[in-house]
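In what follows, a single structure is set out as structure tokens and then discussed.
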Amino acid sequence: MLDIDKHSKKYIKFIKTKKCTSCYAEPVDADHLKTVGMGNDRKKPRIEDFTCIPLCRNCHIERHQIGNYQFEHKNGVNLWKAAFNYLMEYLTDEQ
């Protein structure tokens, strides 16, 4: 079982080493697909951190403005599939 406290911030750092999932630009934000929610303590480790994908600032803003469905169709990317692949890469590297 994945220790959330141990790996949450480490996973965010891993995501930030990647290029944008959509346009391949750098640097990137770790954008949560499962929202954390406004007003929550973002420094606290949480399971939602493992739904992060790397998006550059422009793509991050665009995704929030137009929503996942439109963003995926416009940019030809499956966000949840990408999130799964990043998590699998992280877990493989941790071995």
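The values are calculated or read from the model by the stated rules, or taken from the named source; none is laboratory data. Only a predicted model underlies this, so the values are computations on that prediction, with no experimental measurement involved. Cβ coordinates were reconstructed from backbone atoms using ideal geometry, including for glycine residues, and neighbour counts include every protein chain displayed. Protein only, heavy atoms only, side chains kept; ligands, DNA and RNA dropped before computing areas. Shrake-Rupley method; radii C 1.70, N 1.55, O 1.52, S 1.80 Å.
For the pair K9 and H73, a Förster radius of 30 Å applied to the C-beta separation gives a FRET efficiency near 0.40, rounded to the nearest 0.05.
From its DSSP helices (H runs of at least four residues, each -39,500 (n - 2.57)), the chain gives a residue-normalised ellipticity at 222 nm of -16500 deg cm²/dmol. When a 1.4 Å probe is rolled over the protein heavy atoms, the share of accessible surface on the chain that falls to carbon and sulfur comes to 53 percent. Computed over neighbours whose Cβ is under 14 Å from that of E62, the net charge equals 0, Lys and Arg +1, Asp and Glu -1. Packing, as the average of other Cβ atoms within 10 Å across residues, places the peptides 69-78, 9-18 in the order 9-18, 69-78, highest first.
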